[in-house]
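What follows is one structure encoded as structure tokens, with my remarks underneath.
None of the figures in this text is laboratory data; all of them are computed from the coordinates on show. None of the values given here were measured: they were computed from a predicted structure. Cβ: placed from backbone, ideal geometry, glycine included. Neighbour counts: every protein chain shown.
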Amino acid sequence: MSEQLRIVLVDDENLVRAGLRMILESDPRIVVVGECADGRAAVSMAASLAPDVLLMDIRMPVMDGLEASEEILRHAPEQKILILTTFNTDEMVLRALKAGASGFLLKDTPPAELMEAINQVAAGKTMLSEAVTRQLIAAAGPGQGIPRSSAARQRLGVLTDRERQIAVAMARGYSNQEIAARLFISLATVKTHIGRVLEKLGMENRVQVALCVFESESG
């Protein structure tokens, strides 16, 4: 990650992008290196600029933010994408779990929390707004791909005690280094456990693990 965080803004509303740029560039550690109004342009900009974080809207013309995220991450799985949404279309947000987005925020998130989320995502953490996560879980009906509480607990039951500790830490947004320090184990061991957690749960990323953990605790 470069000394300054390089951000690309993707939103079809000019005023939203202008407001976000003003908020972000109030911090000298952040620079907005590009902005665009649709997902197709975001795919091109991600490839040409390789930003630290893309701040991505969902509903846009030409290509929506989730399609764009899927395409970007297919070619650059290390790219960090933070979804910023009004959350008025639940099923579209659910799709982002498979897209591999690094986090979700509502558009009414206070500026300080937005800045913190961008820094955390750039550092490799998963950022899930609690309001988004709880609403996402509540919105997910049977067959939507998000396990309900009893099913989630059963699913997590395949994990060893240590793997469950790792899963909970992942859900809380801790980095690999923080997990290692909290559990008094090596970074290599943390990475091994994370790989096993993802494999046993049949999941692709930390966001999916986090949702499963949160749902297991909701019932």
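Is the stretch 153-219 rounded, prolate or oblate when judged by the Cα gyration tensor, a ≥ b ≥ c being the square roots of its eigenvalues, rounded requiring a/c under 1.5 and prolate requiring a/b larger than b/c?
On the way: a/c = 1.75, a/b = 1.52, b/c = 1.15.
It is prolate, given that a/c is not under 1.5 and a/b is the larger ratio.
Residues whose amide H lies under 5 Å from that of M60, counting only those 5 or more places away or on a different chain, are G65; hydrogens are built 1.01 Å from N in the peptide plane.
With a cut-off of 13 Å between beta carbons, the residues surrounding N14 carry a summed charge of -4, where Lys and Arg count +1 and Asp and Glu -1.
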